[in-house]
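J.: One structure coming up, written as structure tokens, with questions to follow.
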């Protein structure tokens, strides 16, 4: 059921045919043999898939936030499509990483290795479709730049792909991503374990029970908090101007979904719209309504609306 590049995690999900196989991906020596949490939805056909969707999450990159969304996508997909969701290194409590492997550049390399594994497994004829949410869209752009011939198409959902530090949220939160705050905040995970789930449900009323469990796993893990904040600090420094030359080369492969209001995009929304709405190319841009937020995968109602 699993391709050779994935190993079973030992964790069993519910016996629902639309739910994925819980798995892990062991990366190369270059990435310290770090383990990434993965989810795999196999082809419904008896034949190997002809298309693989490679999903790259936002930050924090806990795949459990996206299970419902991706399961619905799988349910609606053709029989010869498989979905491979690859979590960020250090963003799952079960798989620790050494400090050098928490950074944004490493996450890009990890995504490239996951793409290479797909093409090695299924050959050059396989169609790979990248789907990136938030900073996952920026990572997908980098993957396309490094492996232009291996990617058939990319979908950017609520993309944070330019000047994140200058967005409304970036202007407010930038300081917590700088030393020593990631280390200090991550140590508070010990105190977070004292917060009952009932209290969390009051603080986050839009979260359904399964998403509250994911949130708990996040705030209870010092490693995940530190990895997410370290990566976010890199995002503030690294994600600046759009790579217009590269985008011009790949516009024919791109689809973009932008929220009406997104505080991780802010005033750059108009710039992104101009860049991606060139009528001379086949890029598709969808402007979402106000009711669908950046973190669309959290609320069940928003998730359904977005789908």
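J.: Given the options 45, 50, name the one that is at pLDDT 95 or above and more than 14 Å from the chain's Cα centre (by Cα). Spell out the reasoning first.
T.: Details: 45 fails: at pLDDT 95 or above.
That would be 50, the only listed residue that is at pLDDT 95 or above and more than 14 Å from the chain's Cα centre (by Cα).
J.: Of all residues in segment 123-132, which are in contact with a strand residue (DSSP E or B) (Cβ under 7 Å, 6 or more places away or on another chain) and surrounded by fewer than 20 Cβ atoms within 10 Å (Cβ to Cβ)? Don't jump to the end; show me each part of the working.
T.: Of the residues in segment 123-132, the ones in contact with a strand residue (DSSP E or B) (Cβ under 7 Å, 6 or more places away or on another chain) are 126-132.
Of everything in segment 123-132, those that are in contact with a strand residue (DSSP E or B) (Cβ under 7 Å, 6 or more places away or on another chain) and surrounded by fewer than 20 Cβ atoms within 10 Å (Cβ to Cβ) turn out to be 126, 127, 129.
J.: Which residues, counting only those in segment 250-287, are modelled with pLDDT of 85 or more, touching a strand residue (DSSP E or B) at 6+ places or on another chain (Cβ under 8 Å), closer than 21 Å to residue 146 by Cα and outside any strand (DSSP E or B)?
T.: Correct list: 250, 253.
J.: Any residue that is within 17 Å of the chain's Cα centre (by Cα), more than 26 Å from residue 162 (Cα to Cα), free of Cβ contacts under 8 Å to residues at least 40 places away in the same chain and in a helix (DSSP H, G or I) - is there at least one of those in segment 222-233?
T.: Within segment 222-233, not a single residue is within 17 Å of the chain's Cα centre (by Cα), more than 26 Å from residue 162 (Cα to Cα), free of Cβ contacts under 8 Å to residues at least 40 places away in the same chain and in a helix (DSSP H, G or I).
J.: When residues of segment 166-178 are filtered for being surrounded by 14 or more Cβ atoms within 10 Å (Cβ to Cβ) and either part of a helix (DSSP H, G or I) or touching a helix residue (DSSP H, G or I) at 6+ places or on another chain (Cβ under 6 Å) (or both), how many remain?
T.: Residues flagged as surrounded by 14 or more Cβ atoms within 10 Å (Cβ to Cβ) and either part of a helix (DSSP H, G or I) or touching a helix residue (DSSP H, G or I) at 6+ places or on another chain (Cβ under 6 Å) (or both) within segment 166-178 amount to 7.
J.: Scan segment 189-213 residue by residue and report those that are more than 24 Å from the chain's Cα centre (by Cα), exposed (fewer than 14 other Cβ atoms within 10 Å of the Cβ) and touching a residue at least 12 places away in the same chain (Cβ under 8 Å).
T.: 190, 193, 195, 197
J.: What number of residues in segment 252-262 are within 21 Å of the chain's Cα centre (by Cα) and exposed (fewer than 15 other Cβ atoms within 10 Å of the Cβ)?
T.: Taking segment 252-262 first, the residues within 21 Å of the chain's Cα centre (by Cα) are 253-262.
Filter again for exposed (fewer than 15 other Cβ atoms within 10 Å of the Cβ), leaving 260.
Result for segment 252-262: 1.
J.: Working only within segment 131-165, note down all residues that are part of a loop (DSSP other than H, G, I, E, B) and under 16 Å from residue 106 (Cβ atoms). Explain how you work it out, then say what you get.
T.: Going through segment 131-165, the residues part of a loop (DSSP other than H, G, I, E, B) turn out to be 134, 147-152, 158-163.
Correct list: empty.
The values are calculated or read from the model by the stated rules, or taken from the named source; none is laboratory data. Computed from a prediction, not measured in an experiment: that's the story for all the values here. All Cβ positions, even for glycine, are placed from backbone atoms using ideal geometry, and neighbour counts span all protein chains on display.
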